[in-house]
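Novice: Take a look at this one; I'll ask things after.
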Amino acid sequence: MKPKKGLTIEECVKKAEKFIESQGVCLLLYDIKGSRNFEINEFIQKRAEIQESLNNKFSKYMPKNDLDVMGIFKKGFQIQRGDAAVAGINSAEVIPEIINYQKEMFPDVPLYWSVAKNGFDKKGYI
């Protein structure tokens, strides 16, 4: 049996609350479900649109990321590998807004969501 990928909104919020309480920030991650089913140009365009839209809409909750994610110390969602992105966030309460906004604005691109303590938290990665 394959391990479960991603977390529910409630699970993301609960993990984020714990990490934000102890360190002021955590990582919010997403991974595109079934990205292999997209044509490559469509995939690249959709990935960029999602990233730009989330970064613009929720930037006030995304401080410069200093949680050591592969040496990337930038603000907002950054592509981590082919179909995944990660951002530092400072509010667990905004997670439902972010996820629901993505589902509303990009219903044709389903995502897995997760939360990690930092770039070394392999349990949080999708």
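Novice: Taking Gln51 and the conditions (1) at pLDDT below 85; (2) in a helix (DSSP H, G or I); (3) among the polar types (S, T, N, Q), which numbered condition does it fall short on, given that it satisfies the others?
Specialist: (1)
Novice: Now, a different point. Lys117 fails exactly one of the following numbered conditions: (1) modelled with pLDDT of 90 or more; (2) open to solvent by 70 Å² or more (accessible area, probe 1.4 Å). What is the number of that condition?
Specialist: All conditions pass for Lys117, except number (1).
Novice: Shifting gears a bit: Run Ile79 past the list (1) open to solvent by 10 Å² or more (accessible area, probe 1.4 Å); (2) closer than 25 Å to Glu21 by Cβ; (3) outside any loop (DSSP other than H, G, I, E, B) and report the number of the one that doesn't hold.
Specialist: (2)
Yes/no per residue for (1) over 19 Å from Pro107 (Cα atoms); (2) open to solvent by 80 Å² or more (accessible area, probe 1.4 Å):
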site: Glu11; (1), (2): yes, no
site: Ile20; (1), (2): yes, no
site: Gln23; (1), (2): yes, no
site: Asp31; (1), (2): no, no
site: Glu39; (1), (2): no, yes
site: Phe43; (1), (2): no, no
site: Ala48; (1), (2): no, no
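The values are calculated or read from the model by the stated rules, or taken from the named source; none is laboratory data. Nothing here was measured: the structure is a model prediction, and the numbers come from that model. For neighbour counting, all protein chains shown are included, and Cβ atoms are generated from backbone atoms with ideal geometry for every residue, glycine included. Quick note on the areas: whole protein, heavy atoms, side chains included, nothing else; ligands and nucleic acids left out. Shrake-Rupley method; radii C 1.70, N 1.55, O 1.52, S 1.80 Å.
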